[in-house]
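All of the numbers you see were taken from the coordinates with simple rules; none came from a lab. Predicted model only: the values in this text are computed from it and were never measured. Positions of Cβ are generated from backbone atoms using ideal geometry, with glycine treated the same way; all protein chains shown enter the neighbour counts.
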Amino acid sequence: MTVTALVSAKSCGVTTSALAMTLSSTRPSLLAECDPAGGTIRAGLFQAQITAGTGLYHLAAAERAGEDALAQAFASHLVRLDESGHRQVLPGLTDPAQAPALARTWPALAQVMRVLSDEGGYDVVIDAGRLALESGHLHPTLTPAPLLHGADLVLLVVRATEHSLALARHMTGPLRNELTDRGTGADALGVLLIEDGPRRAHEVSEALRLPVMAALPWEPDTAAYLAGTGRAPRTLKKSALLNSARTALGHLQAAASRRALHQKYPAALPAPAAPQLAGVLQRLNQGAGARG
Ligand SMILES: Nc1ncnc2c1ncn2[C@@H]1O[C@H](COP(=O)(O)OP(=O)(O)OP(=O)(O)O)[C@@H](O)[C@H]1O
Ligand SMILES: [Mg+2]
């Protein structure tokens, strides 16, 4: 399936969109909350019911202990997003000061995501947060750059406003270069448009010189629920936001498949993944992710 990384220039709806996509997937799905500025799902949708003892930060120590430990920790730090357990989330950092500890963990995590997608049939959505640049490149600790390198698609989330486009414009060049030099190619890059302004998809595409690969509607009630500040809609799965997210996943899957067919670049990550990492699937199937 598809590994999709979502990023923004500034708080445009990355976390909300990632949740909507993960919850709407018709396949097993995983949301990895990898925003170095800290996660918001724990305090938001989960209303602080997940303790700091669960989540991304603990994978840094596990990775240092070896690939088997990482595979085991990964499965045990996932939290169910729904009753079925087919949709899960890896809760993010509780403090931005934890981000530097993850710097050497990202490449191994990128491999875990690939295993889940390629061998486990998971839709993997990565919340990679706001982009931070240093000398025209992705910042080594303030962005999870290796996750972007390894993703099938990297979506710059923008709103349909002039302001949002103006901020996003500065990010497209460095992102293109990064994916060309260290990822799977600049054609991994596209836009996820949040339709809350006057700009139409073709205008956004022209302004950023990027394809709009998917769009999501502006739906404050559902978004407030996903942020933990509003009541659950009576039929979440039928909401416009989740319906569109489901459609978006279909488009993204098709785009990723087309890319794979025309792939000119060698795979960014060594393949096949270490067998120990493949053990993550076995552990997930054993129900190790059933906490939360
Ligand atoms: N499709 C949408 N419809 C309505 N409101 C939305 C939508 N997407 C996001 N929002 C709202 O916009 C605000 C920012 O959204 P969100 O937290 O998802 O952004 P973010 O890019 O993850 O921000 P940050 O970089 O601060 O983590 C929230 O109040 C959220 O409810
Ligand atoms: Mg966020």
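Numbers below:
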| quantity | calculated |
| --- | --- |
| Calculated from backbone phi, Karplus (6.51, -1.76, 1.60) coupling profile of region 86-94 in Hz, x at Gly/Pro | 6, 10, 9, 10, 9, x, x, 5, 8 |
| Residue order, fewest to most surrounding Cβ atoms within 10 angstrom, among SER11, SER84, SER244 | SER84, SER11, SER244 |
| Neighbour-count order for LEU59, LEU241, fewest beta carbons within 10 angstrom listed first | LEU59, LEU241 |
| Distant-in-sequence amide H partners of SER29 (H built 1.01 Å from N, under 5 Å) | ARG87, GLN88, ASP123 |
| Environment charge of HIS202, counting only residues whose C-beta is closer than 15 Å and scoring Lys/Arg +1, Asp/Glu -1 | 0 |
| Fewest-first sequence of ILE50, ILE126 by Cβ atoms within 10 Å of each Cβ | ILE50, ILE126 |
| J(HN,Hα) series, region 187-201, from Karplus relation 6.51 cos²θ - 1.76 cosθ + 1.60, nearest Hz, glycine and proline x | 6, 6, 8, x, 10, 10, 9, 9, 7, 10, x, x, 6, 8, 4 |
